[in-house]
1. Of the numbered conditions (1) surrounded by 19 or more Cβ atoms within 10 Å (Cβ to Cβ); (2) in a loop (DSSP other than H, G, I, E, B), Ala173 fails exactly one; give the number of that condition.
2. Is it the case that Leu77 is buried (at least 21 other Cβ atoms within 10 Å of the Cβ) and of a type in the set (A, V, I, L, M, F, W, C)?
3. Looking at (1) closer than 19 Å to Ser163 by Cβ; (2) touching a Leu at 6+ places or on another chain (Cβ under 7 Å); (3) surrounded by fewer than 18 Cβ atoms within 10 Å (Cβ to Cβ), which is the only condition Ala100 fails?
4. Restricting to the range 147-161, give me the number of residues that are part of a helix (DSSP H, G or I) and open to solvent by 10 Å² or more (accessible area, probe 1.4 Å).
5. Identify, from the list Glu87, Glu128, Glu65, Glu45, the residue that is free of Cβ contacts under 8 Å to residues at least 60 places away in the same chain, surrounded by fewer than 18 Cβ atoms within 10 Å (Cβ to Cβ) and under 19 Å from the mean Cα position of the chain (by Cα).
6. Does any residue in the range 1-12 that is at positive phi and of a type outside the set (Phe, Trp, Tyr) come within less than 8 Å, Cβ to Cβ, of a residue that is at pLDDT below 95 and open to solvent by 40 Å² or more (accessible area, probe 1.4 Å) six or more places away or on a different chain, and which pairs are these?
7. Looking only at the range 35-53, count how many residues are more than 11 Å from Lys179 (Cβ to Cβ) and either of a type in the set (Asp, Glu) or in a helix (DSSP H, G or I) (or both).
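The values are calculated or read from the model by the stated rules, or taken from the named source; none is laboratory data. Please read all numbers here as calculations on a predicted model, not as lab measurements. As a convention, Cβ positions derive from the backbone with ideal geometry for all residues, glycine included, and neighbour counts pool all protein chains shown. Keep in mind that these areas ignore ligands, DNA and RNA; they rest on the heavy atoms of the full protein, side chains included. Shrake-Rupley method; radii C 1.70, N 1.55, O 1.52, S 1.80 Å.
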Amino acid sequence: AVEALAAGDDDLARDVVQRDDDVDRLYMVVSRIFRATLRSPTAAEELGLPREVCFDYHSSARQLERVADHATKIAHLSLELEGTPPEEVTASLQELHGAAAEVIEDAMAALVAEENDEAIRLANGARERVQEIDASAREIDELLRELDPARAQLLGLIVDSLSRAADYGGNVAETALQKAAPTP
C-alpha cells in the first residue's frame, strides 16, 4: 500500500484492497480451527499443538488481520490522494513502513521460535522498536504541517495506520513473550 502511494500506482492500491478479502478468509479459517480446539481437546492433539499455542496463534492471527485492515485503509487513502506526496514525506513514510514491517516480522519470528531465549530476544527488540516508531510518526506529523490541510489530513491518517500496524506487531511480540515464559 505504501509502495502504491509512493508511486501513485492506483492498480497496485486496488490490488491491496482486494487482497484484504484473502486475509479475512484466512483469519476465519484460523478462527474455525481455534474454536474446534476449544470444543474438543482432540482437535488440538490432531494439530500436534498444545491448546495454549493454538490460542497464541489465533490471537496473533487477529493482530495480522488488523494490520491488513490498515494496509487496506492506506490503499484507499492513496486512491483519494491526488498525485504523490512530496519526496521528503514519501521517504519518511517508506522508512516508517519498513520499521513497522520489521517489528511485525520479528514478532512473528519470536512467536514461532523454538528457543525461548531467541523468542525473548526477538520479541523484546520488536517491542522496543514500537516506541521508536511512535517517535518517528510524530516527526512525520511535523512535516505534514507544511502541506495543504486536506492533503496533510490524508497523509496523517496513513502515518497513523503505519503506527498502529507496528502496535499490532508489538501485541504479537507480547504474545511471543508470554509463550516463551517459563510455566510456573
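1. Looking at each condition in turn, Ala173 falls short on (2).
2. Working: buried (at least 21 other Cβ atoms within 10 Å of the Cβ): no; of a type in the set (A, V, I, L, M, F, W, C): yes.
No.
3. Result: Ala100 fails condition (3) only.
4. Within the range 147-161, the first condition is being part of a helix (DSSP H, G or I), and the residues that meet it are 149-161.
Subset that is open to solvent by 10 Å² or more (accessible area, probe 1.4 Å): 149-154, 156-157, 160.
Number of matching residues: 9.
5. Values: Glu87 fails: under 19 Å from the mean Cα position of the chain (by Cα); Glu65 fails: surrounded by fewer than 18 Cβ atoms within 10 Å (Cβ to Cβ); Glu45 fails: under 19 Å from the mean Cα position of the chain (by Cα).
Glu128 is the lone residue from the list that is free of Cβ contacts under 8 Å to residues at least 60 places away in the same chain, surrounded by fewer than 18 Cβ atoms within 10 Å (Cβ to Cβ) and under 19 Å from the mean Cα position of the chain (by Cα).
6. Note: pairs meeting the criteria are Gly8/Gly83; Gly8/Thr84.
7. Initial filter on the range 35-53 (more than 11 Å from Lys179 (Cβ to Cβ)): 35-49, 51.
If we keep only those that are either of a type in the set (Asp, Glu) or in a helix (DSSP H, G or I) (or both) as well, we get 35-39, 41-47, 51.
So the answer is 13.
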